[in-house]
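The values are calculated or read from the model by the stated rules, or taken from the named source; none is laboratory data. Given the structure is predicted, the values throughout are model-derived calculations rather than measurements. No Cβ is skipped: glycine too gets one built from the backbone with ideal geometry, and neighbour counts run over all protein chains shown.
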Amino acid sequence: MATVANIIFSLIMGIFMSLIITLAISFVRVGAHENFFWIWFDIWSIAYPVAIICILIFRPFASKMTAMILIKLNSLLK
C-alpha cells in the first residue's frame, strides 16, 4: 500500500539511487565529454520516475524477503 511515508521514502531514495547510478553509467559510457552534465541530466530525468515506481512496487516484497532471511539467519545462529 502506498502510504504517505512510503511515497516520501520513494521520492528521497529514488533521487539518491538514480543520481548515483546514472552518474556512474553515464561517465563510463560517455566519459568526460564537454556536455556531460546535460547528457547525464537527460538520462537522469528518465531514470528518476522509473526508480520511484520500482521502489513503490518492490519495497513491500524486499521487506518481506529481508524479514524471512533474518528469521532463517537467527535460527541458524542459535
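Kindly indicate whether any position in segment 1-9 is modelled with pLDDT of 90 or more and either among the β-branched types (Val, Ile, Thr) or loosely packed, with under 11 Cβ neighbours inside 10 Å (or both).
Within segment 1-9, none of the residues are modelled with pLDDT of 90 or more and either among the β-branched types (Val, Ile, Thr) or loosely packed, with under 11 Cβ neighbours inside 10 Å (or both).
Looking at 52, 46, can you tell me which residue is assigned to a helix (DSSP H, G or I), in contact (Cβ under 8 Å) with a residue 24 or more places away in the chain and touching a helix residue (DSSP H, G or I) at 6+ places or on another chain (Cβ under 9 Å)? Quick ask: steps written out before the conclusion?
Numbers: 46 fails: in contact (Cβ under 8 Å) with a residue 24 or more places away in the chain.
From the options 52, 46, the qualifying one is 52.
How many residues are in contact with a Leu (Cβ under 8 Å, 6 or more places away or on another chain) and in contact (Cβ under 8 Å) with a residue 40 or more places away in the chain when one looks only at segment 1-43?
So the first thing to find is which residues in segment 1-43 are in contact with a Leu (Cβ under 8 Å, 6 or more places away or on another chain), and the list is 2, 6-7, 10, 40.
Remaining after also requiring in contact (Cβ under 8 Å) with a residue 40 or more places away in the chain: 2, 6-7, 10.
Going through segment 1-43 one residue at a time, the tally reaches 4.
Let's see how each residue does on (1) closer than 16 Å to residue 19 by Cα; (2) loosely packed, with under 13 Cβ neighbours inside 10 Å:
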position: 33; (1), (2): no, no
position: 44; (1), (2): yes, no
position: 49; (1), (2): yes, yes
position: 53; (1), (2): yes, yes
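Answer yes if at least one residue in segment 10-27 is polar (S, T, N, Q), touching a helix residue (DSSP H, G or I) at 6+ places or on another chain (Cβ under 7 Å), over 24 Å from residue 61 (Cα atoms) and in a helix (DSSP H, G or I), and no otherwise. Looking through segment 10-27, at least one residue is polar (S, T, N, Q), touching a helix residue (DSSP H, G or I) at 6+ places or on another chain (Cβ under 7 Å), over 24 Å from residue 61 (Cα atoms) and in a helix (DSSP H, G or I). Of all residues in segment 55-78, none satisfies the criterion of being outside any helix (DSSP H, G or I) and surrounded by 15 or more Cβ atoms within 10 Å (Cβ to Cβ).
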